[in-house]
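Peer 1: Pasting a structure here, questions to come.
The values are calculated or read from the model by the stated rules, or taken from the named source; none is laboratory data. Bear in mind the structure is a predicted one, so any value in this text is a computation, not a measurement. We place every Cβ from the backbone using ideal geometry, glycine too, and count neighbours over all the protein chains shown.
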Amino acid sequence: MELINLTKDRNNAQCIVCNIAKRIIVVCKVHHPNQFYCILIVCSLQSLSGHVVNVMSHSKKYSECMQIIPNESFLLTLRLLCLETANTIIKINIMKRIQLSIVFTLLVGLLMARNNANNFLKSDDLTISSTLPIIKETKGLKQLYVNNEPFLIIGAELLNSSASSIEYMKDSWAHIKSLNVNTVYLTITWQQLEPEEGTFDYSLIDSHIKSAYQNNLKLVILWFGSWKNGESNYTPDWVKTDMKRFPRMLFKDRKISNAISNIDRNCLNADLKAYKKLMERIAQVDKHGTVIMMQVENEVGLLGSTRDFSTVATKLFEQQVPRELIKYISNNPTKLKPNISAPYINNGSKSQGTWEEVFGKSPNTDEIFMAWNYANYVNELAKAGKAIYNLPTYVNAWDASGGNLIAGVWPSGGPNYLMLDIWQAGAPAIDILANDNYSPTFGLSAANFVHNKNPLLVPEACAIWMNDTISAAPKAFFCFGHFKAMGFSPFGIDHHTYHSNHSIKKAYGVLENLRPLITKAQVEDRINGFMEGDNASPASFQLGSFIFKPDYDLQKNSLIKGYGLIIQISEYEFIVSGNACHIGYESADSRKPNCQLLSVEEGKFVNGKWVKKRTINGDEFGIKLPPNPYNIASDVYLDDISVLKVKLFKY
């Protein structure tokens with residue numbers, strides 16, 4: 001299929017090509033292929049109409065034809081088409097002269113498309129959501145957009161096995177929704193999707209999309225394919241048992257690992273086939289834009305060894321480092337993590353060489369080699385999935401930590417903070433390198449992932465197995481406020497820890513209420529967050545011409561940690577929210593060094609407008625979270641999360 005570009009010069013053509021790429025997406029073969037041609041012509045002429053009119057303004061026939069198509073049908077058709085992924089290559093021919101015969105041929109197609117477009121819009125098989133989720137960068141900050149609006153993932157991840165059963169999930173959906181979650185992370189496994197080679201079972205993905213929509217929840221799908229937590233336990237039995245066709249990685253002592261190879265084409269092709277089938281199914285059944293993001297694999301990397309010591313892998317290790325990796329490193333010397341830049345420079349900044357010649361002989365070099373291979377493998381899946389249904393993608397990392405421990409203690413080659421540069425070079429189809437953060441130094445771990453425009457996404461946090469059961473609320477506020485995070489999620493939301501009175505319920509309700517303000521303030525750098533007991537949390541920070549200082553020295557139960565965020569909404573007004581702390585304030589203006597608190601209101605936003613619950617003064621006056629009259633322990637509760645509107649004055 002070809003589209004004819006009706007322009008005279010190549011520069012204009014390039015502009016129109018960009019416009020077409022954004023607005024004209026070919027209908028997937030799963031949706032009414034017989035109507036593809038007419039609908040494509042309709043959208044093509046809509047995109048090119050400005051240029052066509054200039055040439056053919058004298059043509060009454062053209063004007064009449066354009067008026068036949070209702071504008072609403074045009075726009076809705078465009079929205080529907082933008083939800084589909086391009087399965088057909090659009091070729092643009094640059095012509096020096098306008099061929100009027102071609103134009104009139106297209107106009108005939110335009111007339112034919114009128115009825116087809118209307119029938120197309122009525123089909124029950126098509127998505128009615130306006131646009132696919134995308135990640136946009138504004139003023140250097142990347143944000144997720146859903147339905148053309150900035151979106152915060154106020155999320156919750158299920159336990160690993162929960163989504164394996166429709167019956168098991170029946171009672172979970174309503175409970176999850178009651179906790180004010182807006183997005184659920186759940187698994188779809190290769191093992192269950194393709195139990196027999198070539199036979200696919202879509203019952204789980206179909207049911208989960210339907211149930212999430214019925215509960216007004218968005219979904220992030222976690223594809224447990226070749227690897228989960230460094231091992232291949234979620235591959236189908238026909239993959240596990242055929243080690244000749246699907247070879248495993250080997251440890252240095254030649255023992256066989258539980259992980260399939262990340263360089264074997266049979267492994268990749270089999271995973272790729274299943275993942276593409278999953279994406280096709282989501283494109284077909286997700287009628288309301290419920291799925292907003294895909295996680296490709298889960299915490300990849302090799303456990304128990306710095307690298308794969310199989311004969312094939314060792315031979316590859318002894319070959320030249322790929323040119324594209326060396327080019328990326330040499331072109332970005334100031335952006336690299338020290339464990340990437342230092343060995344490269346110390347070994348002579350070579351333009352070619354084996355892995356050990358370029359990076360030296362070390363466990364770090366082994367991990368760089370593994371990271372490149374994992375990144376290339378995962379990138380193939382992400383790229384193919386986006387060609388079918390263009391959803392944002394991410395990979396998550398088992399964090400590299402433990403002092404002098406080396407790769408293999410954590411999954412070697414995964415997208416941990418030490419390997420972010422290698423993954424950004426090797427997996428351009430991956431949008432986000434996400435931080436699974438169970439670290440006792442939570443803020444430091446999060447900060448390590450805010451690197452080279454990689455936005456912070458925390459899909460897993462709060463280790464229940466380490467008795468970390470009440471930190472979700474503080475960590476969520478801290479992430480969204482201080483790190484301008486795209487999303488936060490505790491792991492195991494369906495565990496009994498997260499009961500109906502858990503503090504996450506009130507915290508998530510407040511965050512959802514403030515979500516439009518938070519996303520706007522993140523871009524404008526008018527927000528900050530804080531959390532007691534974390535060394536990465538600011539002791540003081542400036543917003544506008546005022547300095548704020550969190551104070552956690554309250555009488556309270558030792559288990560309750562203070563936290564909050566502050567959003568500047570005008571020169572002198574701020575929204576303050578959180579719990580178990582007081583906020584000091586002072587002027588940052590040397591010309592007006594004095595500062596006074598003029599007013600404090602407690603309330604919330606309703607339809608974007610502030611609605612006051614009460615005016616705070618007297619014993620309760622101050623920036624207090626919560627605004628209690630007395631500093632006594634019995635007045636501070638885990639879920640007593642306040643929202644204040646304060647006004648300051650300087651003189």
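Peer 1: So which residues in region 417-443 are of a type in the set (S, T, N, Q) and touching a Phe, Trp or Tyr at 6+ places or on another chain (Cβ under 9 Å)? Steps first, please.
Peer 2: Initial filter on region 417-443 (of a type in the set (S, T, N, Q)): 424, 435, 437, 439, 441.
Of everything in region 417-443, those that are of a type in the set (S, T, N, Q) and touching a Phe, Trp or Tyr at 6+ places or on another chain (Cβ under 9 Å) turn out to be Gln424, Asn435, Asn437.
Peer 1: Right, another one. Can you find even one residue in region 379-387 that is more than 19 Å from the chain's Cα centre (by Cα), crowded, with 21+ Cβ neighbours inside 10 Å, in a helix (DSSP H, G or I) and touching a residue at least 40 places away in the same chain (Cβ under 8 Å)? Quick ask: steps written out before the conclusion?
Peer 2: From region 379-387, those more than 19 Å from the chain's Cα centre (by Cα) are none; that's our starting set.
Checked region 379-387: no residue is more than 19 Å from the chain's Cα centre (by Cα), crowded, with 21+ Cβ neighbours inside 10 Å, in a helix (DSSP H, G or I) and touching a residue at least 40 places away in the same chain (Cβ under 8 Å).
Peer 1: Counting residues that are among the acidic types (Asp, Glu) and either out of contact with any Asp or Glu (no Cβ under 7 Å at 6 or more places or on another chain) or surrounded by 19 or more Cβ atoms within 10 Å (Cβ to Cβ) (or both), which strands (runs of 3 or more DSSP E) fully inside region 558-651 reach at least 2? Before you say what the answer is, go through the steps one by one.
Peer 2: On the way: elements: 563-568, 573-579, 581-587, 595-606, 609-616, 642-650.
It comes to 595-606.
Peer 1: Another question, then. Somewhere in region 325-347, is a residue closer than 27 Å to Leu405 by Cα, more than 30 Å from the chain's Cα centre (by Cα) and in a loop (DSSP other than H, G, I, E, B)?
Peer 2: Yes, there is a match, as at least one residue in region 325-347 is closer than 27 Å to Leu405 by Cα, more than 30 Å from the chain's Cα centre (by Cα) and in a loop (DSSP other than H, G, I, E, B).
Peer 1: Just checking, does region 255-266 include any residue being in contact with a Lys or Arg (Cβ under 8 Å, 6 or more places away or on another chain), free of Cβ contacts under 8 Å to residues at least 40 places away in the same chain, among the hydrophobic types (A, V, I, L, M, F, W, C) and part of a strand (DSSP E or B)?
Peer 2: The answer is yes, given that some residue of region 255-266 is in contact with a Lys or Arg (Cβ under 8 Å, 6 or more places away or on another chain), free of Cβ contacts under 8 Å to residues at least 40 places away in the same chain, among the hydrophobic types (A, V, I, L, M, F, W, C) and part of a strand (DSSP E or B).
Peer 1: Which pairs do you get when a residue that is surrounded by 13 or more Cβ atoms within 10 Å (Cβ to Cβ), found in region 157-182, comes within reach of a residue that is part of a loop (DSSP other than H, G, I, E, B) and charged (D, E, K, R), reach meaning Cβ atoms under 8 angstrom, with the pair 6+ apart or on two chains?
Peer 2: Sorted first by the residue in region 157-182, then by its partner, the pairs are Glu157/Glu460; Leu158/Asp494; Leu159/Asp494; Ser162/Asp494; Ser172/Asp494; His175/Asp494; Ile176/Asp494.
Peer 1: Here are Pro516, Pro440, Pro455: which of them is in the same structural domain as Lys142 (by TED's automatic domain parsing) and touching a Lys or Arg at 6+ places or on another chain (Cβ under 7 Å)? Give the steps one after another, and end with the answer.
Peer 2: Working: Pro516 fails: touching a Lys or Arg at 6+ places or on another chain (Cβ under 7 Å); Pro440 fails: touching a Lys or Arg at 6+ places or on another chain (Cβ under 7 Å).
Sole residue among the options that is in the same structural domain as Lys142 (by TED's automatic domain parsing) and touching a Lys or Arg at 6+ places or on another chain (Cβ under 7 Å): Pro455.
Peer 1: Is at least one residue of region 416-423 part of a loop (DSSP other than H, G, I, E, B) and over 14 Å from Val300 (Cβ atoms)? Explain how you work it out, then say what you get.
Peer 2: Looking only at region 416-423, we keep the residues that are part of a loop (DSSP other than H, G, I, E, B), and these are 416.
Now drop any that are not over 14 Å from Val300 (Cβ atoms), which leaves none.
Checking region 416-423: not a single residue is part of a loop (DSSP other than H, G, I, E, B) and over 14 Å from Val300 (Cβ atoms).
Peer 1: Restricting attention to region 225-243, report how many residues are surrounded by 18 or more Cβ atoms within 10 Å (Cβ to Cβ) and more than 16 Å from Ser412 (Cβ to Cβ).
Peer 2: The total comes to 5.
Peer 1: Would you point out the residue of region 133-177, among those that are among the acidic types (Asp, Glu) and assigned to a strand (DSSP E or B), that is farthest from Asp436 (Cα to Cα)? Talk me through it step by step, then tell me what you get.
Peer 2: First, the residues of region 133-177 that are among the acidic types (Asp, Glu): 137, 149, 157, 167, 171.
Adding the requirement that they be assigned to a strand (DSSP E or B) leaves 137, 149, 157.
Details: Glu137: 23, Glu149: 26, Glu157: 11 Å.
Result: Glu149.
Peer 1: Here's a check for you: in region 457-486, which residue that is aliphatic (A, V, I, L, M) and buried (at least 24 other Cβ atoms within 10 Å of the Cβ) is nearest to Asn160 (Cα to Cα)? Before you say what the answer is, go through the steps one by one.
Peer 2: Initially, region 457-486 is screened for residues aliphatic (A, V, I, L, M), giving 457-458, 461, 463-464, 466, 470, 472-473, 476, 485-486.
Those left that are additionally buried (at least 24 other Cβ atoms within 10 Å of the Cβ): 457-458, 461, 472-473, 476, 485-486.
Values: Leu457: 19, Val458: 17, Ala461: 14, Ala472: 19, Ala473: 22, Ala476: 22, Ala485: 24, Met486: 23 Å.
Among them, the one singled out is Ala461.
Peer 1: Quick check on Tyr438: is it modelled with pLDDT of 95 or more, more than 28 Å from Ile282 (Cβ to Cβ), touching a strand residue (DSSP E or B) at 6+ places or on another chain (Cβ under 7 Å) and of a type in the set (Phe, Trp, Tyr)?
Peer 2: On the way: modelled with pLDDT of 95 or more: yes; more than 28 Å from Ile282 (Cβ to Cβ): yes; touching a strand residue (DSSP E or B) at 6+ places or on another chain (Cβ under 7 Å): yes; of a type in the set (Phe, Trp, Tyr): yes.
Criteria met by Tyr438.
Peer 1: Could you check how many residues of region 388-399 are within 17 Å of Leu219 (Cα to Cα), part of a loop (DSSP other than H, G, I, E, B) and not hydrophobic (A, V, I, L, M, F, W, C)? Reasoning before the result, please.
Peer 2: Within region 388-399, the subset within 17 Å of Leu219 (Cα to Cα) is 389-396.
The next check asks that each one be part of a loop (DSSP other than H, G, I, E, B); those that pass are 389-392.
Retained after the next criterion (residues that are not hydrophobic (A, V, I, L, M, F, W, C)): 389-390, 392.
Residues in region 388-399 being within 17 Å of Leu219 (Cα to Cα), part of a loop (DSSP other than H, G, I, E, B) and not hydrophobic (A, V, I, L, M, F, W, C): 3 in total.
Peer 1: I'd like to verify a number: residues in region 196-226 that are in a strand (DSSP E or B) and under 15 Å from Gly289 (Cβ atoms), how many? Quick ask: steps written out before the conclusion?
Peer 2: Of the residues in region 196-226, the ones in a strand (DSSP E or B) are 196, 199, 218-226.
Pick out the ones that are also under 15 Å from Gly289 (Cβ atoms) and you get 218-221.
Residues that pass the stated criteria total 4.
One line per residue, one yes/no per condition, for (1) modelled with pLDDT of 95 or more; (2) closer than 19 Å to Ile518 by Cα:
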{"site": "Leu559", "(1), (2)": "no, no"}
{"site": "Phe574", "(1), (2)": "yes, yes"}
{"site": "Cys581", "(1), (2)": "yes, no"}
{"site": "Arg591", "(1), (2)": "yes, no"}
{"site": "Leu598", "(1), (2)": "yes, no"}
{"site": "Ser634", "(1), (2)": "no, no"}
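Peer 1: Follow-up. Out of region 376-405, which residues are under 18 Å from Leu420 (Cβ atoms) and of a type outside the set (Gly, Ala, Ser)?
Peer 2: Selection gives Asn376, Tyr377, Val378, Asn379, Pro392, Thr393, Tyr394, Val395, Asn396, Trp398, Asp399.
Peer 1: I'd like to check something: does region 323-346 contain any residue that is surrounded by fewer than 19 Cβ atoms within 10 Å (Cβ to Cβ), touching an Asp or Glu at 6+ places or on another chain (Cβ under 7 Å) and of a type outside the set (A, V, I, L, M)?
Peer 2: yes
Peer 1: Would a scan of region 304-312 turn up a residue that is over 24 Å from Val239 (Cβ atoms) and buried (at least 24 other Cβ atoms within 10 Å of the Cβ)?
Peer 2: Taking region 304-312 and keeping what is over 24 Å from Val239 (Cβ atoms), we get 306.
So of that shortlist, the ones also buried (at least 24 other Cβ atoms within 10 Å of the Cβ) come out as none.
Looking through region 304-312, none of the residues is over 24 Å from Val239 (Cβ atoms) and buried (at least 24 other Cβ atoms within 10 Å of the Cβ).
Results for (1) surrounded by fewer than 19 Cβ atoms within 10 Å (Cβ to Cβ); (2) assigned by TED's automatic domain parsing to the domain that holds Gln143; (3) of a type in the set (A, V, I, L, M, F, W, C), shown as yes or no for each residue.
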residue: Pro247; (1), (2), (3): no, yes, no
residue: Lys252; (1), (2), (3): yes, yes, no
residue: Asn262; (1), (2), (3): no, yes, no
residue: Leu272; (1), (2), (3): no, yes, yes
residue: Ile282; (1), (2), (3): no, yes, yes
residue: Ile292; (1), (2), (3): no, yes, yes
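Peer 1: While we're looking at this one, here's another question. Could you please tell me which pairs satisfy a Cβ distance under 9 Å, a separation of 6+ or placement on different chains, a first residue in region 634-651 that is at negative phi, and a second residue that is part of a loop (DSSP other than H, G, I, E, B) and among the β-branched types (Val, Ile, Thr)?
Peer 2: Correct list of pairs: Val636/Ile560; Tyr637/Ile560; Leu638/Ile470; Leu638/Ile560; Leu644/Ile623; Lys645/Ile569; Val646/Ile623.
So that you can scan it fast, the table gives a plain yes or no per residue for (1) under 28 Å from the mean Cα position of the chain (by Cα); (2) more than 25 Å from Leu141 (Cα to Cα):
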| site | (1), (2) |
| --- | --- |
| Leu514 | yes, no |
| Pro538 | yes, no |
| Gly544 | no, no |
| Pro550 | no, yes |
| Gly578 | yes, no |
